[in-house]
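J.: There's a structure below that I have some questions on.
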Amino acid sequence: MAASLDYKNPTLVVIGHWNAAILNEPGWIAKNILGVPEGSQIDLKAVMVGNQVGPGQMSPEKQIWLFEEFGLACTGQRLELFTRDIANLKPLYDAVAKLTELLPHTPVHAVGVNFDVHITDDVAAIATVLETKEVFDKFGNILAQDRTDTIDIVKDDLLELEDIGRVPTALHLTRRTDFNMAEVKFNYHVNLSGMKAFATLMTADPVAHWRDHATQILVDVYGVDGVDAAYF
């Protein structure tokens with residue numbers, strides 16, 4: 001069974017009180033995070049994400065600034081970072097390191113590492129795994145299944161940080177299917193306090209670590225043995 005990992009969703013979500021005014025200004029990001037000299041041209045694209053409120057009408061939710069090697073969106077309480085190449089996470093971590101240096105007093109409360117997997121072949125296998133003992137045959141046909149569980153990650157799989165130790169992490173695992181396609185969403189959630197703790201966590205390469213963990217779940221639980229990548 002093959003699948004696609006959708007990196008058009010944020011790879012890192014950092015919950016805190018962010019300065020949305022500067023983090024939604026691409027010129028500030030280019031100069032201060034990327035080190036681009038003023039007046040220089042850069043490869044930049046804006047993506048507006050919103051909710052449909054009527055035919056052809058969208059209510060803006062957030063704007064994603066896509067630079068050559070990573071994307072960034074900020075809504076004040078959430079800072080979202082998007083990788084544009086899962087095989088090269090250095091630009092993402094470099095951006096984080098610069099942010100922690102420039103905004104050291106930003107209150108940070110939690111970090112999520114996210115992976116959104118879409119499965120379009122052999123969806124029946126996923127549906128079978130998600131079945132419960134509930135029987136609704138006399139009431140109607142099930143058109144879709146939706147389930148979320150929170151899993152306390154076992155100690156041996158946790159990230160270990162120097163001078164801190166193993167970092168408690170919860171996996172919020174959401175599975176949905178309409179029997180034509182299936183989606184498995186991984187959210188690895190860590191509660192932490194302060195920018196310094198955030199910076200330390202990033203030195204442990206959490207994206208690669210939890211991607212390997214998610215890949216193992218896909219293989220062991222759902223039989224997904226091949227995952228392609230989809231980017232903006």
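The values are calculated or read from the model by the stated rules, or taken from the named source; none is laboratory data. If you're wondering where the values come from, they're calculated on a predicted model, not measured in any experiment. For neighbour counting, all protein chains shown are included, and Cβ atoms are generated from backbone atoms with ideal geometry for every residue, glycine included. The protein model used for the area step is the full one, side chains on, heavy atoms only, and it has no ligands, DNA or RNA in it. Shrake-Rupley method; radii C 1.70, N 1.55, O 1.52, S 1.80 Å.
J.: Go ahead and estimate [θ] at 222 nm for the chain from helices alone: -39,500 (n - 2.57) per DSSP H run with n ≥ 4, summed, over the residue count, rounded to 500.
T.: On the way: 6 runs with 57 residues, N = 232.
That comes out to -7000 deg cm²/dmol.
J.: Hey, another quick one. Given contacts defined as C-alpha pairs under 8 Å and at least six residues apart, what's the relative contact order of the chain, whole-number percent? Don't jump to the answer; show the numbers that get you there.
T.: Values: 423 pairs, mean separation 64.0, N = 232.
Worked out over the chain, it gives 28 percent.
J.: First compute the accessible area of the stretch 1-116 with a 1.4 Å probe, then give the percent of it belonging to carbon and sulfur atoms. Write down the numbers at each step before the final one.
T.: Working: 2830 of 5590 Å².
In the stretch 1-116, the share of accessible area belonging to carbon and sulfur is 51 percent.
J.: Assuming a viscosity of 1.306 mPa s and a temperature of 10 °C, what translational diffusion coefficient in µm² per second does Stokes-Einstein assign to the chain, Rh being the Kirkwood radius over Cα pairs? Intermediate values should be presented prior to the final figure.
T.: Details: Rh = 19.4 Å.
It diffuses with D of about 82 µm²/s by this estimate.
J.: Scan the chain and hand back the longest stretch that contains none of the trypsin sites (Lys or Arg not before Pro) lying in DSSP loops with at most 10 other Cβ atoms within 10 Å. Write out the running numbers ahead of the final one.
T.: Details: sites that count: K133, K138.
Longest gap between qualifying sites, sites excluded: 1-132.
J.: Write down the accessible area per residue of the chain in Å², having rolled a 1.4 Å probe over the full set of protein chains. Please list the in-between numbers first.
T.: Details: 12590 Å² over 232 residues.
Accessible area per residue, the chain: 54 Å².
J.: Out of the GluC sites (Glu not before Pro) in the stretch 136-192, which ones are loop residues according to DSSP with at most 16 other C-beta atoms within 10 Å?
T.: Filter output for the stretch 136-192: E162.
J.: Here is a follow-up. Would you mind calculating the relative contact order of the stretch 62-127 from Cα pairs under 8 angstrom and at least 6 residues apart, reporting the percent as a whole number?
T.: On the way: 41 pairs, mean separation 11.2, N = 66.
Computed over the stretch 62-127, the figure is 17 percent.
J.: A further question on this structure: Any of K98/K185; K45/K155; K155/K185; K31/K155 with alpha carbons more than 31 Å apart? Name them for me. Please report the intermediate quantities before stating the final value.
T.: Details: K98/K185 29 Å; K45/K155 41 Å; K155/K185 22 Å; K31/K155 41 Å.
Beyond 31 Å between Cα atoms: K45/K155; K31/K155.
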